[in-house]
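Engineer: First the structure, which I've put down as structure tokens, then a few questions once you've had a look.
The values are calculated or read from the model by the stated rules, or taken from the named source; none is laboratory data. Computed from a predicted model, the values in this text were never measured in an experiment. With ligands, DNA and RNA removed, areas are computed over all heavy atoms of the protein, side chains included. Shrake-Rupley method; radii C 1.70, N 1.55, O 1.52, S 1.80 Å.
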Amino acid sequence: KIGSSSVDGILDIYASNSIRVIRIWGFYDGMNCGSYANDNIIQTAPGVYSEAALVNLDKVIKKAKDRNIKVILTFVNYWGDLGGICQYNTWDGYSASNSPTSAEADHFFTDPDIQGWYKNYISMLLNRVNTQTGIAYKNEPAIMAWEPMNEARNPIDSGSGTMLRNWYQSIAEHIKSIDHNHLVTP
């Protein structure tokens, strides 16, 4: 968790060095995996969102926009830091770790409940109206692209890549059903 002055300072450094695109976390999930009690957790349980944490995300996007910096917003972490696969699996009652095993990743990528929660999170964020700009995220010109997962890896899938490819396709289709304005990155 960094304060507002730290965000301003970092963004000022980027702007002064002509950095025009940055990637930021658009997530922070739960308390079970890589989280701390005083942190600014966005999703405290499936479908339960902290407005204060979302306002902080709104502010970061506005601050980047004010400096002519575009953002790539990431929706979840492969790793347990800030929740990630571990947190979604834990919410589902499935044993999980901060460094997902193949079985844990497989569970995240294929479990219908988890994928429903994850898609609901994406829908909420894309339809959210930024409290600082008055613009829905899906229409926000300061957002360059959506990244479905930080550092995604292919699980058990016998090396064929089909599970991860199918997951990306499903998530990209979900994003594009709501937002036709932004890129979706792998």
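Engineer: List the aspartates and glutamates whose Cα lies under 14 Å from the Cα of residue 65, skipping any in the same chain that are fewer than 8 positions away.
Structural biologist: Answer for residue 65, where 14 Å is the Cα cut-off: 8, 12, 140, listed by chain and number.
Engineer: Sticking with this one: Mind ranking 8, 81 by accessible surface for me, highest first, 1.4 Å probe?
Structural biologist: Ranking 8, 81 by accessible area, largest first, yields 81, 8.
Engineer: Pick from 130, 40, 68: which is most flexible by mean-square fluctuation in a GNM of the chain where alpha carbon atoms under 10 Å apart are linked?
Structural biologist: Of 130, 40, 68, the Gaussian network model singles out 68 as fluctuating most.
Engineer: If N is the number of residues in the chain, what value comes out of its Cα radius of gyration divided by 2.2 N^0.38 Å?
Structural biologist: Dividing the Cα Rg of the chain by 2.2 N^0.38 Å gives 1.02.
Engineer: Just for the chain, what percent of DSSP beta bridges are antiparallel, to the closest 5?
Structural biologist: Around 20 percent of the beta bridges assigned by DSSP in the chain are antiparallel ones.
Engineer: By how many degrees, 0 to 90 and rounded to 10, does the Cα axis of helix 4-16 deviate from the longest principal axis of the chain?
Structural biologist: Helix 4-16 and the main axis of the chain meet at about 80 degrees.
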